[in-house]
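Working notes for the structure below.
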Amino acid sequence: MEQRSQAESALAGAAYGMLFVLGVVMGVVGGFTQASWKAGPIPVTAIIWLLALFGVCLGAGKMMRSRLGSGVTAAGWVLVSMAFSFELGAGDLVISGNPAGYVYLYGGIVAVIAAFLLSPSSGGSWLLHGHPESSRS
């Protein structure tokens, strides 16, 4: 097993922290905009957010070469989205029980699970080891 230096560990921790923040930002922006555009009964904005969420989570997993990259990004999104779906005492609700809200929440869960399962299950981060194709001669 390969040992990491403290600098590599700190860099990996910072990268995972930024992926979590990216998931939180996607959850906040997506939560407030998921019902903004509909084409008839089809919640177009919610579907666009699902595709973006899937792409970002899958990209994070592939870039970090681990499912943890995808999982950390998804955790940030899930944390915010679930909090936005709770009704407060005054009746305030960000993600409501309309069709766009259901598509965004349940479709988002399916998107992050699919991205997690399609991410590589092991390997080192591209950030720490460089691009694999550039090291081959």
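Please treat every number below as a calculation from the coordinates, not as lab data. Just so it is clear, the model here is predicted, and its values are computed rather than measured. Here the Cβ positions follow ideal geometry from the backbone for every residue, glycine too, while neighbour counts run over all protein chains shown.
Taking only the C-alpha atoms, wrap a convex hull around the chain and report its volume per residue in Å³ as a whole number.
About 124 Å³ per residue, rounded to a whole number.
State to the nearest 20 debye the size of the charge dipole of the chain about its Cα centre, where the only charges are +1 on K and R beta carbons and -1 on D and E beta carbons.
300
What's the extension gain from Val21 to Ser122 if we count 0.36 nm per residue and subtract their Cα-Cα distance?
34.1 nm
How high is the relative contact order of the chain, in percent, with contacts defined as C-alpha pairs under 8 Å that are six or more residues apart?
Once normalised by length, the contact order is 33 percent.
R0 = 35 Å: FRET efficiency of Ala39 with Ala90, Cβ-based, nearest 0.05?
0.60
Tell me the label-point distance for the pair Ile48, Val29, using the 7 Å Cα-to-Cβ offset, in nm and rounded to one decimal.
Between Ile48 and Val29, the simple spin-label model gives 1.1 nm.
Label points 7 Å out from Cα along the Cβ direction at Tyr102 and Ala7: separation in nm?
Between Tyr102 and Ala7, the simple spin-label model gives 5.4 nm.
Given the options Ile109, Ala83, Ser36, identify the residue whose Cα lies farthest towards the positive end of the charge dipole of the chain (+1 on Cβ of Lys, Arg; -1 on Cβ of Asp, Glu).
The residue sitting most towards the positive pole is Ile109.
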